[in-house]
Every structure is written in C-alpha cells, then in structure tokens.
Amino acid sequence: MTVISSKEFATNQTKYYNLAQNEQVGIKRGKFVFYLTREPIFVDTYPEQPILEPDDSLRNAITFEELLERTNKDIHKMFFFKI
C-alpha cells in the first residue's frame, strides 16, 4: 500500500489513479487517511429504503402552521409583556 499526502495527490492525480488499479493508495490529510478504490460505486446497488406507514405518532403530529401559531403566543408572553 502506498500512502501519500493530499498535496502530492493533487500534483500527480493521474499517476495515483493509475497506481490504484493495481494496489491500494491512501491519501493522508491531517490525521485521516482516505483510500482510492478501483471498485466503482453505483447508487443502483443500494437497496431501496422502505416507505414507512403512518402510525399513531404521525397522526398526533401538528403542522408547521400550528407550531408557528403556538410558539408565537409563547414568544409574545415572554418578550412583549406589559410593565
């Protein structure tokens, strides 16, 4: 495995992309090391996330407008009180 600095990688990207086809290449930046991979990652390979059915918690939820109305009353009480 070859580990290089991020500056070295920025200077010679083609060289290290080609090298990554045959061996693992790590790019060190600060205390982290990022690895180049020759395996392409496709979004299609990830399984679809299931759509959750509404439950009681969702049915009891309030809309944004209701939240805004309720918080406006509290803010008025806190900051616009009569002296």
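Across region 12-27, the qualifying residues are those that are surrounded by fewer than 11 Cβ atoms within 10 Å (Cβ to Cβ) and at pLDDT below 90, and the one among them that is nearest to M1 (Cα to Cα) is E23. Flag set for R70, criterion: more than 27 Å from the chain's Cα centre (by Cα) and modelled with pLDDT under 90. For first residues located in region 5-23 and within 17 Å of E39 (Cα to Cα), partners that are part of a strand (DSSP E or B) and not β-branched (V, I, T) and lie 6+ apart or on another chain with Cβ distances below 9 Å form the pairs Y16/L36; Y17/L36; L19/L36; A20/Y35; A20/L36. Within region 53-67, if we keep just the residues that are at pLDDT 85 or above and part of a helix (DSSP H, G or I), the residue that is farthest from the chain's Cα centre (by Cα) turns out to be E66.
The values are calculated or read from the model by the stated rules, or taken from the named source; none is laboratory data. These figures come from a predicted structure and were not determined experimentally. Note: ideal-geometry Cβ built from the backbone for every residue, glycine included; neighbour counts use all protein chains shown.
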